[in-house]
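Have a look at the structure below, then the notes.
Quick note: the coordinates plus some simple rules give every number you see, no bench work behind them. Not measured: the values here are computed from a predicted model. Methodologically, a virtual Cβ is constructed for each residue, glycine included, from the backbone with ideal geometry; neighbour enumeration extends over all protein chains shown.
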């Protein structure tokens, strides 16, 4: 049964459309009828190569059958660290680590609203009227097995405590009311599914798509288990997330009232199907695997819903999670290493590398910090540097490695640790992984007022540098060789 | 003969579709199970692992 309902006339600050309205020139509105098959994703690749990260709003996407979708597609929403940090109220994206740790730890409790106040339930399609094929889901890359929900925030709950968990998981749209469902084995949602299956029960699930980017990023905060993400997301977004009971599961699984689209359903016990290949975050194709499936019971959406997509393996996909990882690493390391100044999880290392920065660490503390950071499942290599190294410039990290490291002294390998999924370098059948911590800091000075016992860095005077920068400001550099 | 630890080995198993002969990477556990249909990303054919045109393990 499909039915439409008029929502109360109000404006919630934190919806996707309010963000798009306010974002001005940061949004590229494309009126070309771009295909959902690779063409929209190709735009993201081209922009990534150019080093530009506008939000992309394709107003009239062309579906795989050649028809035009009534829903627009929004992608590249989270590709810019600068923009995301600003939305979270962080003055500079380079301060994301400590800010994430502080804001997600503080949290703001969600509030419950009634259905009449929930735009996401303006249109409700249940049973045979629910049809995922109406969504402009993208088939992003040439070896993807089909169209995927890529920005689906999947929410399940722990049957023992009732505590919910939210995580982005890929879902291959296999039919009108069937998708694959791929939670990593170590994920909290996988634990919830396993608990329901151990009881011989289907696991209830909701997938919400499209929200204000601050909520999208906030909901990816790295928490314990079981621990709801609504409070942390509210903390990061700066206001309470408005929740409404789902149509299928009622109060047991709430959904964001201000989302664009919600898919509701069940994960039937012990039913596995093939999923993938799919272009994944390491920049390689993830192999075809056996995963659970999701049987859809209802689809709800706004009357003029927008479909949100994450570009697989692109900045759009990695930046928000990497910023959340920075917050998690900061929380893990700071208690054992008080001289930790900052953390960065660079796009170049996907989710496998982390850089730690220290302010005059005493002997031993950097190694304590490396050990703590390496314990975080996803990270495989951690590099520690001093304050003079720009954590956000890979060339400076390479310079520190080249000039401050003796491998026999400064490399710390630990074998047999847990690992993140989809690591393309893992040997066949490996259950654990080798990790490396590298201390690329300078040796400490004998006393605080003495220079460090190391060669000084080449420098020109500040006045001379300022003069040079002033001189260059007026120059047309377009014809100058870039490398 | 034991392979020295420093010699790199591949880690991806490839499958070829019985219809279009296209190749794609598959988790070896999915092939070992044998009871789940593989799905060809090139032509959408579904088939059991035993019916693959070719399986190339590392």
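A compact table of results
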{"item": "Separation between Cα centres of the range A:157-216 and the range A:27-105, rounded to whole Å", "result": "24 Å"}
{"item": "Alpha-carbon spread of chain B, three principal axes, descending order, Å", "result": "40, 21, 15"}
{"item": "Ranked A:352, A:310, criterion: other C-beta atoms within 10 Å, fewest first", "result": "A:352, A:310"}
{"item": "Degrees between helix A:365-374 axis and first principal axis of chain A (Cα, 0 to 90, nearest 10)", "result": "20 degrees"}
{"item": "Approximate spin-label separation residue A:436-residue A:37, in nm, with each point projected 7 Å along Cα-to-Cβ", "result": "4.3 nm"}
{"item": "Ranked list, fewest to most other Cβ atoms within 10 Å of each Cβ, for A:266, A:28, A:407", "result": "A:407, A:28, A:266"}
{"item": "Projected label distance in nm at residue A:336 and residue A:86, using a 7 Å step from Cα toward the beta-carbon", "result": "3.8 nm"}
{"item": "Ratio of Rg to Rh over the range A:332-381 (Cα coordinates, Kirkwood Rh, two decimals)", "result": "0.96"}
{"item": "Nearest 10 degrees, 0 to 90: helix A:462-473 Cα axis against chain A principal axis", "result": "50 degrees"}
{"item": "Global form of the range A:221-279, assessed from the alpha-carbon gyration tensor, a/c cut-off 1.5", "result": "prolate"}
{"item": "Calculated FRET efficiency for the pair residue A:388/residue A:467, C-beta based, R₀ 22 Å, to 0.05", "result": "0.50"}
{"item": "For residues of A:405-415, the mean tally of beta carbons on other chains within 10 Å", "result": "0"}
{"item": "Cα gyration tensor shape for the range A:104-221, rounded if a/c is under 1.5, else prolate or oblate", "result": "rounded"}
{"item": "Projected-area mean, the range A:336-483, by convex hull of Cα positions, square nanometres", "result": "12.4 nm²"}
{"item": "Sorted by Cβ neighbour density within 10 Å, fewest at the top, the residues A:248, A:381, A:161, A:179", "result": "A:161, A:381, A:248, A:179"}
{"item": "Acute angle (nearest 10 degrees) that the helix A:188-198 long axis makes with the longest principal axis of chain A, alpha-carbon atoms", "result": "40 degrees"}
{"item": "Calculated [θ] (222 nm, deg cm²/dmol) that DSSP helices of n ≥ 4 give over chain A, each run adding -39,500 (n - 2.57)", "result": "-7000 deg cm²/dmol"}
{"item": "Spatial separation of Cα centroids for the range A:358-388 and the range B:29-53, in angstrom", "result": "44 Å"}
{"item": "Normalised convex hull volume, the range A:307-368, alpha-carbon set, Å³ per residue", "result": "79 Å³"}
{"item": "Packing rank of A:423-433, A:237-247, where each peptide gets the mean count of other beta carbons within 10 Å, highest leading", "result": "A:237-247, A:423-433"}
{"item": "Radius, Kirkwood style, for the range A:16-149 when every pair of distinct Cα atoms is counted (Å)", "result": "17.5 Å"}
{"item": "Relative contact order (%) - criterion: Cα under 8 Å, at least six apart; region: the range A:281-409", "result": "19 percent"}
{"item": "Normalised alpha carbon radius of gyration of the range A:85-165 [divisor 2.2 N^0.38 Å]", "result": "1.60"}
{"item": "For the range A:155-238, diffusion coefficient by Stokes-Einstein and Kirkwood Rh (Cα), 37 °C, 0.692 mPa s, µm²/s", "result": "241 µm²/s"}
{"item": "Rg/Rh for chain A, where both radii come from Cα atoms and Rh is the Kirkwood radius", "result": "0.99"}
{"item": "Label point distance in nm, residue A:363-residue A:272, each placed 7 Å from Cα along Cα→Cβ", "result": "5.3 nm"}
{"item": "DSSP bridge orientation in the protein assembly as shown - percent antiparallel, rounded to nearest 5", "result": "75 percent"}
